[in-house]
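Asker: Shown below is the structure under consideration.
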Amino acid sequence: MTHGHAVTAGAIAAALDEVREARPRVHCITNTVAQTFSANTLLALGAVPSMTLAADEIGDFVARADGLLVNLGTFDALRAEAVDAAMPAAKERALSWCLDPAHAESSPRRIALARRLIDLGPAVLRCNADEFRTLFEAEPGPDTVARAALRHGIVVALTGARDILSDGDRTVFLDNGHPLQARVTAAGCAASAVVAAFLAVIGDPLIATAAGLSAVGVAAEIAGETAAGPASLQVGFLDTLYGLDAATLQARLTLCPADVPAGL
Amino acid sequence: MTHGHAVTAGAIAAALDEVREARPRVHCITNTVAQTFSANTLLALGAVPSMTLAADEIGDFVARADGLLVNLGTFDALRAEAVDAAMPAAKERALSWCLDPAHAESSPRRIALARRLIDLGPAVLRCNADEFRTLFEAEPGPDTVARAALRHGIVVALTGARDILSDGDRTVFLDNGHPLQARVTAAGCAASAVVAAFLAVIGDPLIATAAGLSAVGVAAEIAGETAAGPASLQVGFLDTLYGLDAATLQARLTLCPADVPAGL
Amino acid sequence: MTHGHAVTAGAIAAALDEVREARPRVHCITNTVAQTFSANTLLALGAVPSMTLAADEIGDFVARADGLLVNLGTFDALRAEAVDAAMPAAKERALSWCLDPAHAESSPRRIALARRLIDLGPAVLRCNADEFRTLFEAEPGPDTVARAALRHGIVVALTGARDILSDGDRTVFLDNGHPLQARVTAAGCAASAVVAAFLAVIGDPLIATAAGLSAVGVAAEIAGETAAGPASLQVGFLDTLYGLDAATLQARLTLCPADVPAGL
């Protein structure tokens with residue numbers, strides 16, 4: 001593993017400006033519950049979403065995309081074929097893609113599928129605590145996240161009240177966000193789509209992931225200051241993400257390095 | 001039919017607290033238009049939704065669920081297989097499930113499907129007037145609703161400006177709600193999902209149904225006081241449902257028993 | 001091509017009242033991302049949406065519908081079969097339908113599909129600039145739009161900052177709308193659904209199209225005056241469309257005839 005640059009607030013703020021400038025096309029293989037909110041989240045950020053799944057044309061869409069998300073929620077035959085049809089185009093374009101193993105804990109078939117996809121080499125795996133426990137058979141913490149990242153050669157981003165992000169070499173905590181996000185369906189799925197947008201533009205996948213998750217967390221946090229409940233939080237989140245500037249992101253960011261013993 | 005307890009405002013208010021406490025997992029086989037709003041409604045209530053349909057894993061999801069909804073809107077081959085694959089797990093767990101025969105009036109195939117599902121023994125059938133007319137070949141009213149409930153050994157809940165709920169023995173009217181709900185797509189489908197959440201926790205299916213529909217109706221009514229149209233009604237509904245407490249539900253409840261002749 | 005009446009503000013305003021009065025049923029074959037928002041848009045307008053796709057019952061739904069939308073976003077086998085199964089019922093009812101070739105520029109397969117559907121004779125094709133370029137191999141402008149309309153015997157409606165509408169004989173510009181609409185997913189798809197609702201009621205397809213697109217544009221424009229971003233724009237759009245009256249539509253309308261050389 002090559003050592004990357006430090007994950008600084010400045011690098012994260014700059015990444016937001018770069019994504020806004022680049023307007024990346026992000027193709028999303030995602031679940032039926034998450035499609036609309038994920039598309040609106042990407043549009044609010046300034047990215048350009050597409051969502052088609054049919055095996056006979058997804059390759060054409062991925063061939064025009066800058067980024068790719070694979071999310072396992074409501075996984076069905078259509079989505080299974082979509083993944084198989086999308087991967088050659090993604091490989092040809094050397095896309096850095098994001099894997100969201102949504103609900104991997106809920107069925108043995110989905111665990112197997114998530115493991116197979118990890119082996120295909122996503123740049124980032126974004127998961128929650130239940131999914132992490134299932135996939136890596138370990139309690140979530142900075143050490144286990146770093147170990148999972150190192151073992152698979154990917155960034156692992158575990159989100160919750162405190163996010164833990166690691167590429168095996170660098171491990172950081174992110175504390176932005178709002179508790180009401182847990183009451184908005186597909187909030188995690190939309191966060192993964194945002195990570196996919198940052199991966200499309202930012203070369204360092206850990207910085208891309210930290211920037212994507214902190215943009216989402218800060219927008220939710222600001223929206224939460226005036227929200228009356230989960231639906232006004234969701235409306236305020238999209239409005240805030242649309243208007244979020246790099247200076248506000250940097251000022252609000254609560255990032256700190258995690259001490260992880262060397263030589264995992 | 002065993003005689004249940006009276007459907008009182010106190011029992012309904014207590015049911016809301018019990019559902020909030022229990023946080024039931026509710027698996028939803030529902031239509032593509034309703035999935036996101038139903039998930040957000042369940043989350044606002046405090047329940048935990050899942051929505052996957054693939055036949056090779058829905059059984060695993062239902063095996064971990066406390067409640068189940070089967071809604072016939074946008075019914076297709078995927079959903080038909082999902083029902084068949086879900087039923088053994090639902091039966092094994094003895095789940096009390098809710099059937100929503102959405103749009104049964106629109107095609108002969110859907111009528112046949114709704115009838116077949118009624119024979120599988122849902123705890124509750126929630127329908128509107130058109131669906132009721134089609135399924136029971138009778139004009140909606142307290143007598144016909146009670147008769148349908150008695151005949152099939154289920155709770156029948158007919159929703160409209162005035163809801164009529166019956167288990168064949170007890171029949172009640174509920175008048176909560178707001179006219180703008182009719183301009184929000186899948187408002188009825190989301191109400192059925194809420195009924196499924198209450199059925200997961202509350203043993204008496206008529207009380208569960210009355211509690212679920214009144215929580216939805218009261219939240220819509222409160223939201224309607226400040227809504228500027230159907231979209232702000234929907235946002236306000238979710239925010240209000242999230243914050244709704246048992247005392248407010250009880251104070252706002254407009255429940256009254258319906259006189260239905262004995263010996264239907 | 002028979003010459004239609006002039007496209008006047010009075011005719012457009014009257015069309016809104018007629019649609020409100022008629023409450024047309026509009027069946028939508030549309031993409032998974034657009035379904036919910038399109039249904040809510042039709043309900044806000046006063047139309048009655050249905051969205052089912054299964055080949056074994058879509059014919060029954062279309063046989064009860066007054067209008068039909070075919071949108072090619074997220075086109076898959078289910079939707080391909082739906083179109084084939086819907087067309088005989090649409091033909092038997094002589095429905096004036098609207099075609100939205102969403103993302104036609106993104107895959108050769110979708111271009112072929114869009115061309116095949118144009119040959120089936122929609123009343124209106126609503127597209128954006130990229131889709132127009134792909135389908136008609138010409139730069140968008142009043143001349144090329146009029147030529148495409150004349151050649152295919154349909155109304156072509158090209159939407160953007162300035163909409164261009166033509167039936168080959170009459171060509172008009174519409175300037176209503178708001179830039180934030182471009183940040184709301186499926187805003188164009190929902191506009192096509194509204195056009196389908198107007199086609200169900202208004203005999204002159206160019207007036208129906210102009211009325212539908214201007215109702216959407218004016219509602220977005222009014223909502224945009226107070227929106228804080230794309231999500232509050234979307235909420236405000238639906239609320240405003242629900243309450244929009246003919247006088248406001250007429251007063252806000254920015255319609256002007258386009259000079260197109262005779263004898264294209």
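The values are calculated or read from the model by the stated rules, or taken from the named source; none is laboratory data. Note that this is a predicted model, so its numbers are computed, not measured. Because the Cβ atoms are built from the backbone with ideal geometry, glycine has one as well, and the counts that use them run over all protein chains shown. For the accessible areas, the whole protein counts, side chains as well, though only heavy atoms, and no ligand, DNA or RNA atoms are used. Shrake-Rupley method; radii C 1.70, N 1.55, O 1.52, S 1.80 Å.
Asker: Any residue in the stretch A:178-189 that is touching a helix residue (DSSP H, G or I) at 6+ places or on another chain (Cβ under 9 Å) and farther than 21 Å from A:G73 by Cβ?
Answerer: Checked the stretch A:178-189: at least one residue is touching a helix residue (DSSP H, G or I) at 6+ places or on another chain (Cβ under 9 Å) and farther than 21 Å from A:G73 by Cβ.
Asker: Give the number of residues within the stretch C:73-99 that are more than 14 Å from chain A (Cβ to nearest Cβ) and either under 30 Å from C:P142 (Cβ atoms) or among the aliphatic types (A, V, I, L, M) (or both).
Answerer: Selection size over the stretch C:73-99: 11.
Asker: Considering each residue of the stretch B:157-215, count those that are within 13 Å of the chain's Cα centre (by Cα) and acidic (D, E), and give that number.
Answerer: Count: 1.
Asker: Continuing with the same structure: Select from the stretch A:39-52 the residues that are under 15 Å from C:R183 (Cβ atoms) and either facing another protein chain (nearest Cβ under 9 Å) or free of Cβ contacts under 8 Å to residues at least 12 places away in the same chain (or both) and list them in ascending order.
Answerer: A:A39, A:N40, A:L42, A:L43, A:A44, A:G46, A:P49
Asker: May I pose another question? If a residue must be farther than 25 Å from C:S38 by Cβ, open to solvent by 10 Å² or more (accessible area, probe 1.4 Å) and part of a helix (DSSP H, G or I), how many such residues does the stretch B:37-60 contain?
Answerer: Number satisfying all stated conditions: 2.
Asker: Take C:G10 and tell me if it is out of contact with any Phe, Trp or Tyr (no Cβ under 7 Å at 6 or more places or on another chain) and either open to solvent by 20 Å² or more (accessible area, probe 1.4 Å) or at pLDDT below 95 (or both).
Answerer: Details: out of contact with any Phe, Trp or Tyr (no Cβ under 7 Å at 6 or more places or on another chain): yes; either open to solvent by 20 Å² or more (accessible area, probe 1.4 Å) or at pLDDT below 95 (or both): yes.
So C:G10 passes the test.
For (1) farther than 28 Å from B:T254 by Cβ; (2) touching a His at 6+ places or on another chain (Cβ under 6 Å); (3) charged (D, E, K, R); (4) modelled with pLDDT of 95 or more, each residue gets a yes or a no:
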{"site": "B:A80", "(1), (2), (3), (4)": "yes, no, no, no"}
{"site": "B:A85", "(1), (2), (3), (4)": "yes, no, no, yes"}
{"site": "B:W97", "(1), (2), (3), (4)": "no, no, no, yes"}
{"site": "B:R115", "(1), (2), (3), (4)": "yes, no, yes, yes"}
{"site": "B:L158", "(1), (2), (3), (4)": "no, no, no, yes"}
{"site": "B:G168", "(1), (2), (3), (4)": "no, no, no, yes"}
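Asker: With among the acidic types (D, E) and modelled with pLDDT of 95 or more as the only criterion, which of C:D76, C:D56, C:D17 stands out?
Answerer: Checking each option against the conditions leaves just C:D17.
Asker: Can you give me the number of residues within the stretch C:146-162 that are open to solvent by 40 Å² or more (accessible area, probe 1.4 Å) and without any contact (Cβ under 8 Å) to a residue 60 or more places away in the chain?
Answerer: Counting residues in the stretch C:146-162 that are open to solvent by 40 Å² or more (accessible area, probe 1.4 Å) and without any contact (Cβ under 8 Å) to a residue 60 or more places away in the chain gives 5.
Asker: Counting only residues that are within 14 Å of chain B (Cβ to nearest Cβ) and among the hydrophobic types (A, V, I, L, M, F, W, C), which one in the stretch A:208-264 is surrounded by the fewest Cβ atoms within 10 Å (Cβ to Cβ)?
Answerer: A:A228
Asker: What are the residues in the stretch B:74-94 that are under 18 Å from B:A196 (Cα atoms) and either more than 20 Å from the chain's Cα centre (by Cα) or of a type in the set (V, I, T) (or both), if any?
Answerer: Within the stretch B:74-94, B:V83, B:P88, B:A89, B:E92 meet the criteria.
Asker: Report yes if some residue within the stretch A:163-177 is β-branched (V, I, T), more than 14 Å from chain B (Cβ to nearest Cβ), part of a helix (DSSP H, G or I) and buried (at least 24 other Cβ atoms within 10 Å of the Cβ); otherwise report no.
Answerer: No, the stretch A:163-177 contains no residue that is β-branched (V, I, T), more than 14 Å from chain B (Cβ to nearest Cβ), part of a helix (DSSP H, G or I) and buried (at least 24 other Cβ atoms within 10 Å of the Cβ).
Asker: Sticking with this one: For the structure I just gave you, tell me whether B:D17 is open to solvent by 30 Å² or more (accessible area, probe 1.4 Å), touching a helix residue (DSSP H, G or I) at 6+ places or on another chain (Cβ under 6 Å) and among the charged types (D, E, K, R).
Answerer: yes
Asker: Can you tell me how many residues in the stretch B:117-162 are under 29 Å from B:E81 (Cβ atoms), part of a helix (DSSP H, G or I) and among the aliphatic types (A, V, I, L, M)?
Answerer: 4
Asker: Select from the stretch B:22-36 the residues that are among the hydrophobic types (A, V, I, L, M, F, W, C) and buried (at least 24 other Cβ atoms within 10 Å of the Cβ) and write down the one among them that is farthest from B:F75 (Cα to Cα). Outline the logic, then answer.
Answerer: Our first condition is that a residue be among the hydrophobic types (A, V, I, L, M, F, W, C); within the stretch B:22-36, this holds for B:22, B:26, B:28-29, B:33-34.
Okay, now just the ones that are also buried (at least 24 other Cβ atoms within 10 Å of the Cβ), so B:26, B:28-29, B:33-34.
On the way: B:V26: 19, B:C28: 13, B:I29: 10, B:V33: 11, B:A34: 12 Å.
Once the filter is applied, the top-ranked residue is B:V26.
Residue-wise test of (1) open to solvent by less than 20 Å² (accessible area, probe 1.4 Å); (2) in contact with a Lys or Arg (Cβ under 8 Å, 6 or more places away or on another chain).
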| site | (1), (2) |
| --- | --- |
| A:F75 | yes, yes |
| A:A80 | no, no |
| A:W97 | yes, no |
| A:G121 | no, no |
| A:N128 | no, no |
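Asker: Can B:F75 be described as in contact with a helix residue (DSSP H, G or I) (Cβ under 7 Å, 6 or more places away or on another chain), of a type in the set (F, W, Y) and assigned to a helix (DSSP H, G or I)?
Answerer: no
Asker: Mind checking which pairs have a first residue in the stretch C:126-145 that is among the β-branched types (V, I, T) and a second that is open to solvent by 10 Å² or more (accessible area, probe 1.4 Å) and in a loop (DSSP other than H, G, I, E, B), Cβ under 7 Å, 6 or more apart or different chains?
Answerer: C:T144/C:A138
Asker: Also, I was wondering about something else. Criterion first (over 20 Å from C:A65 (Cβ atoms) and in contact with an Asp or Glu (Cβ under 8 Å, 6 or more places away or on another chain)) does C:P101 satisfy it?
Answerer: When the stated conditions are applied, C:P101 passes them.
Asker: Quick one: count up the residues across the stretch C:62-73 that are within 20 Å of the chain's Cα centre (by Cα) and open to solvent by 10 Å² or more (accessible area, probe 1.4 Å). Break it down into steps so the answer makes sense when it comes.
Answerer: First, the residues of the stretch C:62-73 that are within 20 Å of the chain's Cα centre (by Cα): C:62, C:65-73.
Then drop every residue that is not open to solvent by 10 Å² or more (accessible area, probe 1.4 Å), which leaves C:66.
Residues flagged as within 20 Å of the chain's Cα centre (by Cα) and open to solvent by 10 Å² or more (accessible area, probe 1.4 Å) within the stretch C:62-73 amount to 1.
Asker: Would you check which residues across the stretch C:99-116 are open to solvent by less than 50 Å² (accessible area, probe 1.4 Å) and either of a type in the set (D, E) or in a loop (DSSP other than H, G, I, E, B) (or both) and list them?
Answerer: C:D100, C:P101, C:A102, C:E105, C:S107
Asker: Taking only the stretch C:100-123 into account, find how many residues are acidic (D, E) and within 12 Å of chain A (Cβ to nearest Cβ). Spell out the reasoning first.
Answerer: Of the stretch C:100-123, the ones acidic (D, E) are C:100, C:105, C:119.
Within this subset, residues satisfying the condition of being within 12 Å of chain A (Cβ to nearest Cβ) are C:105.
Total satisfying the criteria: 1.
Asker: Turning to a different aspect of this structure: Out of the stretch C:5-36, which residues are under 14 Å from the mean Cα position of the chain (by Cα) and either among the hydroxyl-bearing types (S, T, Y) or not in a strand (DSSP E or B) (or both)?
Answerer: Result: C:T30, C:A34.
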